[in-house]
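Asks: One structure, as structure tokens, below. Some questions next.
Values quoted throughout were computed directly from the atomic coordinates according to the rules given, and no laboratory measurement underlies them. Predicted model, so just to flag it, every value in this text is computed and none were measured. Positions of Cβ are generated from backbone atoms using ideal geometry, with glycine treated the same way; all protein chains shown enter the neighbour counts.
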Amino acid sequence: MSVEDAAMQVLKESGHRLTPQRMMVLSAVRQAGGHLTAAEILEQVRETYPYIDVSTVYRTLAVLKEMRLVSETDMGGGEASYEWLEQQRHHHLICRTCDGVTVLDHKYLENLGAEILDDYGFGADIDHFAIFGLCADCKRRG
């Protein structure tokens, strides 16, 4: 069973309808291999289905996010970015000077969720973070 088929099965089992538009949005995010904005997803889906509207894309993304199939992250571009949640969680270090992005291994944040749960009783979704600061090169130059 493909990853997309498995995702569609998760949606179906949770009572969500598998409309063609929903499947196209799911496929666009899954096949992107990185971050996409809702506008970019809309543009991709419209190449094959020009009648989809932006509200359908946002509703579908909300469902996929609720099902923890995609993450929503502020990458600093003014619009949320969406990415397929792979088994291997990762995060991003984003330089506020040069806009460089470095992938941060999940090992740096994996205990954070457990500590928050222990201290506050709050079950945090630690799926995908963007942490802003200065990269080593900009720090050296600055």
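Asks: Charges only on Cβ, +1 for Lys and Arg, -1 for Asp and Glu: so what's the dipole of the chain about the Cα centre, in debye to the nearest 20?
Replies: On the way: 14 positive and 22 negative charges, 50 e Å.
Computed about the Cα centre, the dipole is about 240 debye.
Asks: Let me know the charge dipole size of segment 67-108 about its Cα centre in debye, to the nearest 20, where only the beta-carbon of Lys, Arg (+1) and Asp, Glu (-1) is charged. It would help to have the intermediate numbers written out before the result.
Replies: Numbers: 4 positive and 7 negative charges, 40 e Å.
For segment 67-108, the charge dipole is close to 200 debye.
Asks: Just tell me which aspartates and glutamates come within less than 18 Å, Cα to Cα, of K107; anything on the same chain fewer than 8 places away is out.
Replies: By straight Cα distance, K107 reaches E86, E115, D125, D127.
Asks: Take every DSSP beta bridge whose two residues both sit in the chain, then give the antiparallel share in percent to the nearest 5.
Replies: Numbers: 11 of 15 bridges.
Taking every DSSP beta bridge within the chain, about 75 percent pair in antiparallel fashion.
Asks: Report the relative contact order of the chain, percent, no decimals, based on alpha-carbon pairs under 8 angstrom and at least 6 residues apart. Could the numbers behind the result be given before it?
Replies: On the way: 171 pairs, mean separation 26.9, N = 142.
Reported as a whole number, the value is 19 percent.
Asks: In sequence order, what are the phi-derived ³J(HN,Hα) couplings for segment 95-106 according to the Karplus relation 6.51 cos²θ - 1.76 cosθ + 1.60 with θ = phi - 60°, rounded to whole Hz, with x for glycine and proline?
Replies: Per residue, the Karplus-derived 3J(HN,Hα) values read 6, 7, 9, 9, 6, x, 10, 10, 6, 10, 4, 5 Hz.
Asks: Ranking request for peptides 124-137, 32-45, 60-73, 99-112: highest mean number of other beta-carbon atoms within 10 Å first, then the rest in descending order.
Replies: Values: 124-137: 14.5, 32-45: 16.4, 60-73: 18.4, 99-112: 12.7.
Ranking, from highest mean packing down: 60-73, 32-45, 124-137, 99-112.
Asks: Provide the gained length on full extension for the span E66 to I131, in nm with one decimal, where the gain is 0.36 nm per separating residue minus the Cα-Cα distance.
Replies: Gain on extension, E66 to I131, equals 21.2 nm.
Asks: Another one. When the Karplus curve 6.51 cos²θ - 1.76 cosθ + 1.60 is applied with θ = phi - 60°, which whole-Hz ³J(HN,Hα) does each residue of segment 25-32 get, with x for Gly and Pro?
Replies: 5, 4, 5, 4, 5, 4, 7, 5
Asks: Please compute the Kirkwood hydrodynamic radius over the chain, one decimal place, Å, based on all pairs of different Cα atoms. Numbers along the way, then the final one.
Replies: Details: mean 1/r = 0.0599 Å⁻¹.
Taking every pair of different Cα atoms in the chain, averaging 1/r and inverting gives 16.7 Å.
Asks: Ignoring solvent entirely, what values of log10 I(q)/I(0) come out of the Debye formula for segment 22-69 at 0.14, 0.23 Å⁻¹ when each Cα is a single scatterer?
Replies: -0.27, -0.76
Asks: Each residue of segment 123-133 in order: what ³J(HN,Hα) in whole Hz does its phi give by Karplus 6.51 cos²θ - 1.76 cosθ + 1.60, θ = phi - 60°, with x for Gly and Pro?
Replies: Taking θ as phi minus 60°, the curve returns x, 7, 8, 9, 9, 6, 10, 10, 10, 9, x Hz for segment 123-133.
Asks: Using a Förster distance of 30 Å, how high is the FRET efficiency between V54 and A6, based on the Cβ-Cβ distance and rounded to 0.05? Present the calculation step by step, with values, prior to reporting the outcome.
Replies: Details: r = 27 Å, r/R0 = 0.90.
In this case the efficiency is close to 0.65.
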